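The values are calculated or read from the model by the stated rules, or taken from the named source; none is laboratory data. Keep in mind it's a predicted model, so treat the numbers as computed, not measured. For neighbour counting, all protein chains shown are included, and Cβ atoms are generated from backbone atoms with ideal geometry for every residue, glycine included.
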Amino acid sequence: MDSVKLVEMGPRDGLQNEPALVPAAIKIELVERLADCGFAYIEAASFVSPRRIPQMADSSGVLTGIRRREGVVYSALTPNLQGLQAALAAGADEVAVFTAASERFCQRNINCSVAESLERFAPVLQLAHERGVRVRGYVSTVLGCPYEGNIAPAAVARVAGALYRLGCHEISLGDTIGTGTPRAAVAMLSAVRQEVPLVRLAAHFHDTYGQALANLYALLEQGLRIIDSSVAGLGGCPYAHGATGNVASEDVVYLLHGLGLETGVDLDRLVATGRWVSLQLGRENGSKTGRAWNG
Ligand code: HMG
Ligand code: MG
């Protein structure tokens, strides 16, 4: 049967913008529960400046604290060599570098130009590969930028291609502010796949405007088979005003199973995990399937 690779973002993208510090024990339990749901790829940590993102300051403790499940890849964001060294020391199985299709977002997010970010990533990729660790590459603002507005598909393709040529094994395309609609998403993908093979491309869609599932469906029709999502729709981005979480994992799994696409994820367990984490954070469950599901 045709299948989709899911990359669970809840513990990283989901929590990084949470205003109150979440205890490491809750983060660890979240990662373990997600692995028990069947996710084989979990972004569990982020080795960035603790002054910029205080919520991720305990990433080493989280990564070293989890009871590891065989076959699960636990990954972390690493914007520079300092982050990579910390991630390797904590035992990250895979790491990710991140840049953007728009200059102004890149400056606000990682304090450098897009070209400088690529220069900064070269030694990160080199060291990661020496250690046998694969590197994912994110491109933010692929369907709109909070500061620059519309983004040309060619600009996204340029940055995605550069990351791929640097050695990123997978390129995740971020609709950071969730403004994309299906036709724009397809146009963007058509440009990017000229530079990067389709099998190496992931969709990372935030659901701010309620378009994420429609956009994902459009890209599934084009043959894309890697999707980033976040349990209970947790998350946002501290440098994108008004951004909400990634598309909810429960809603994505419900859609995919309805389409006859395998995910390896147990929806009952996932819904229970989404309800549990929403309670822990005192948040309304951001997944419609999570709210409605009764087995
Ligand atoms: P910088 O601002 O250029 O400054 O850092 P620096 O390199 O001169 O370092 C400044 C301070 O940060 C120093 O400490 C460094 O030690 C420290 P000080 O001397 O002032 O005490 N530092 C670090 N500490 C821990 N780990 C590190 C590290 N690097 C430097 N790795 C940097 C550049 C990128 C690190 C910084 O700007 C930063 O951390 N930005 C935060 C970026 C971030 O986490 N954004 C959210 C994640 S991206 C996202 O959510 C989008 C995505 O989901 C896709 C999408 O939706 O579009 C992926
Ligand atoms: Mg994101």
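Can you confirm whether region 119-133 contains a residue that is within 14 Å of ligand 1 (Cβ to nearest atom), part of a loop (DSSP other than H, G, I, E, B) and not acidic (Asp, Glu)? Please lay out each step first, then the result.
Step one: of region 119-133, the residues within 14 Å of ligand 1 (Cβ to nearest atom) are 119-121, 123-124, 127-128.
Next, from what is left, pick out any that are part of a loop (DSSP other than H, G, I, E, B): none.
For region 119-133, residues within 14 Å of ligand 1 (Cβ to nearest atom), part of a loop (DSSP other than H, G, I, E, B) and not acidic (Asp, Glu): absent.
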Residue match in region 7-19 (condition: modelled with pLDDT under 95, more than 16 Å from ligand 2 (Cβ to nearest atom) and either among the β-branched types (Val, Ile, Thr) or not in a helix (DSSP H, G or I) (or both)): yes
Count of region 139-171 residues which are in contact with a Leu (Cβ under 8 Å, 6 or more places away or on another chain) and not hydrophobic (A, V, I, L, M, F, W, C): 2
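Would you mind stating whether VAL253 is away from ligand 2 (no atom under 16 Å from the Cβ), in contact (Cβ under 8 Å) with a residue 12 or more places away in the chain, among the aliphatic types (A, V, I, L, M) and surrounded by 22 or more Cβ atoms within 10 Å (Cβ to Cβ)? Can you show your working first?
On the way: away from ligand 2 (no atom under 16 Å from the Cβ): yes; in contact (Cβ under 8 Å) with a residue 12 or more places away in the chain: yes; among the aliphatic types (A, V, I, L, M): yes; surrounded by 22 or more Cβ atoms within 10 Å (Cβ to Cβ): yes.
Here the answer is yes, as VAL253 does meet what is asked.
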Verdict on ARG158 being surrounded by 15 or more Cβ atoms within 10 Å (Cβ to Cβ), closer than 19 Å to GLN16 by Cβ and out of contact with any strand residue (DSSP E or B) (no Cβ under 8 Å at 6 or more places or on another chain): no
Given (1) more than 21 Å from PRO79 (Cβ to Cβ); (2) away from ligand 2 (no atom under 16 Å from the Cβ); (3) within 16 Å of the chain's Cα centre (by Cα), number of the condition LEU143 does not satisfy: (2)
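The rows are residues; the columns are (1) in a loop (DSSP other than H, G, I, E, B); (2) in contact with a Lys or Arg (Cβ under 8 Å, 6 or more places away or on another chain); (3) surrounded by fewer than 23 Cβ atoms within 10 Å (Cβ to Cβ).
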position	(1), (2), (3)
ALA184	no, no, yes
VAL199	no, yes, yes
LEU213	no, no, yes
LEU219	no, no, no
SER229	no, no, no
Criterion: in a strand (DSSP E or B) and closer than 15 Å to LEU234 by Cβ - qualifying residue of ALA76, ALA44: ALA44
